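A.B. asks: I am attaching a structure below and will ask some questions about it afterwards.
No lab work stands behind these numbers, since they all come straight from the coordinates. The shown structure was predicted, so the numbers you read here are calculated from the model rather than taken from an experiment. Don't worry about glycine lacking a Cβ; one is built from the backbone with ideal geometry, like all the others, and counts go over all protein chains shown.
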Amino acid sequence: MFAGNETVATAEGLGGETFSRPSRLRTLLLGNRFRSGMVRLLLVYALLLFAAFLFLLPFYWMVNTALKPPNQVFTLPPTWIPKPAMWSNFLTAFTIQYETDPPVYNYALNTVIISVNGVIATIFSSALVAYAFARLEFPGKNAIFLGIVSTLMIPFAVVMVPQFIIWRNLNWLDTLWPLIVPHWFGSAWNIFLLRQFFMTIPSEYDEAAYLDGASRWHIFVRIILPLSKPALAAVAVFAFVFFWNDFLGPLIILSTPENFTLTLFLANFNVAYRGTPWHLYMAAALIIILPCLILFFFSQNAFLKGITVTDLKG
Amino acid sequence: MAFAVFTLFFDNSCVNRPGFCFNKLWLRFKAKKESYSVATTGLASSKSFWQSRRFRDAMVAYAFILPWVIGFILFVGGPIVASFVLSFFRWKMIAPPRFYGLTHYINMVTTDELFRTSIWVTFKFVLISVPIGQVLALGLALLLNQRVLLLGFWRSAFYLPAVVSGVAGSVIWVWMYHVELGIVNNGLALMGLEGRNWLFDRELVLGSLIVKSLWNIGIPMVIYLAALQGLPQQLYEAADIDGAGEGSKFFSITLPMLSPAIFFNVVMGIIAAVQTFAEPYVMTGGGPDNATLFLGLHLYQNAFHYLKMGYASAMAWIMFLLIFGLTVFQFGLASRWVYYEGGTR
């Protein structure tokens, strides 16, 4: 914004000076405003380049190591570009099996089940609840909404132990059910987010439908949901990333390797492979984060929308 | 289920459609009754509360929020009460729970030195990582707001770590920090500096974890960027006319106008930072010498390694009070520095 303003100002200044002075080039190169604008621009790009370098460094280091042949992993100084690139590391990391542990695709399957269910459950249940708060009138509405928002402050640790006891009494420990069922009851953050979005939809649409005899349920399914696709997509991508990456939940519930998720596998990799073959470790890490990276690249707008849809002015 | 039952009753969508429908029966019944009452008393207001549209609408609304209410009772509200009660009991899951009074809370302060360590570690982490993280996020957002070319590329580069899981990110950073083979020490060696043992030196390890946490500032950065892009340009134009410099424009316009976003990010950042778990679990296991024994990790070990469910619940409540206290403190301070446009606060 600042740079933009300055560019405009400089162009005007130049225009004015060409009439009064002949040496246009000299002014262009030595003009104070232009020069300070250039310095500023260079500074901005230098800082951006430096920051991007630091932020992408871990990714480079991961990819670099993941592609190294085993004998290059422990050479000093490290090879900065793996030669030859061992693409087979990914296959090895994905198919390797340690003693009696299940193959990696088994962990992947568990993670996919949890994530897909989580996304569907979160969208459906949160949208349902959010619709009531955005559109319907009922006694206690504001108090209940405040209650929902304030549950955001409650750390998972507080509910972790009693929930664990519930699952134990249901005999659901070491199954995927505790990671599937609770998400069908709405999540506070997404309820809040969707409510904010639903309120931006003009209420004339549903009033017209209501007068035509549509029920609240039909208005919700036929009008509100189709109009909220961007917000629902945002909730979906965030829910997917959350469930795909969830660690503490699976950690306390699951105990046999057959039921592990990818994050548990990754956290235990060090233990299972005593020598820690770093190239395989990094290859596994890359495979595990890849779905989220791909999702991000293909739905950037959904991510950005999901973060900024909430009205911070409260 | 209950929801289906409710909508069945209050669904008036098929009034104008052919075919059988419970609603038609219901409406016919209602019409008959109404015409009857109107005919006899001649007063429309004799419709009882139970038949009023307000009541039916409220019932429909309750049906819509029913999932959350059930979920809240089963998985949040109930567990909170249970965890509070449990914190006064000694229970190792084998023998039945035994009443323990305030002993857990007293033990925390008197005998459990690790608890004090964990509180101190968590406090230090929150107090250092949250402010630095916010300044960095705001700085990056300001850079991105300079009408730069390739905005999407820069933004993705800074946001990307936010989609990487805590476990995978930690694993990557363990490898970055590796004493001999890590890129940090090898990079330092290229510059002629001596590397350190980042994760096994008790003086350095918390700092190393804080640096790792600064890698994940994508979300606050995007919030700041959106807030910056929404700032009204007239204010800057007015300041330009008044001849204000860059610095005074930043401190008198940008910062006050961003204060709601800053407030939001700080509160959310604190709530997340107090609960830090995956990073110490994967990167250090709480060591060396308990220098990274975060509250979340200490709690997890007590609950699921030593099965001290009562004690873990007591600690969870302390964690909750910590978050609650810090949040209330933030809200208390907010009236002094957060500026709501058009608001009275």
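A.B. asks: Once you sort the root eigenvalues of the Cα gyration tensor of segment A:99-166 as a ≥ b ≥ c, which label holds: rounded (a/c under 1.5), prolate (a/b larger than b/c) or oblate (the other case)?
C.D. replies: It comes out oblate by the Cα gyration axes.
A.B. asks: How long is the gain from B:Asn290 to B:Asp240 if the chain were fully straight, where each residue apart is worth 0.36 nm and the alpha carbon distance is subtracted?
C.D. replies: 12.6 nm
A.B. asks: Hey, what's the per residue convex hull volume over the C-alpha atoms of segment A:189-283, in cubic angstrom?
C.D. replies: It comes to 138 Å³ per residue, whole-number rounded.
A.B. asks: Using only the Cα atoms of segment B:104-337, build the gyration tensor, take square roots of its eigenvalues as a ≥ b ≥ c, and label the shape rounded, prolate or oblate: rounded if a/c is under 1.5, else prolate if a/b is larger than b/c, else oblate.
C.D. replies: Numbers: a/c = 2.57, a/b = 1.45, b/c = 1.77.
Note, shape of segment B:104-337 comes out oblate.
A.B. asks: Round to a whole angstrom and tell me the spacing of the C-alpha centers of segment B:267-345 and segment A:173-232.
C.D. replies: Value for the Cα centre distance between the two parts: 31 Å.
A.B. asks: To continue, here is another question. In which sequence would B:Glu113, B:Glu180 go, from the one with the fewest C-beta neighbours within 10 Å to the one with the most? The partial results should precede the final answer.
C.D. replies: Working: B:Glu113 9, B:Glu180 12.
By the 10 Å Cβ count, ascending, the order reads B:Glu113, B:Glu180.
A.B. asks: Answer rounded, prolate or oblate for segment B:143-195, using the Cα gyration tensor with square roots of eigenvalues a ≥ b ≥ c: rounded when a/c is under 1.5, else prolate when a/b is larger than b/c, else oblate. It would help to have the intermediate numbers written out before the result.
C.D. replies: Numbers: a/c = 4.60, a/b = 1.59, b/c = 2.90.
Here segment B:143-195 falls in the oblate category.
A.B. asks: Pairs A:Lys305/B:Lys212; A:Lys141/A:Lys229; B:Lys212/B:Lys249: which are spaced more than 28 Å apart, C-alpha to C-alpha?
C.D. replies: B:Lys212/B:Lys249, as the Cα separations exceed 28 Å there.
A.B. asks: A further question follows. Can you give the Kirkwood hydrodynamic radius for segment A:104-308, in Å, rounded to one decimal and based on Cα pairs? Numbers along the way, then the final one.
C.D. replies: Numbers: mean 1/r = 0.0526 Å⁻¹.
Every distinct Cα pair counted, the radius reaches 19.0 Å.
A.B. asks: Follow-up. List the residues, sorted by chain then number, that are 5 or more residues from B:Leu307 or on another chain and whose placed amide H is less than 5 Å from its amide H.
C.D. replies: The answer is none.
A.B. asks: Let me ask something additional. Return the distance in nm (one decimal) between the two label points of a simple spin-label model at A:Asp212 and B:Ser252, each offset 7 Å from Cα along Cα→Cβ.
C.D. replies: 5.5 nm
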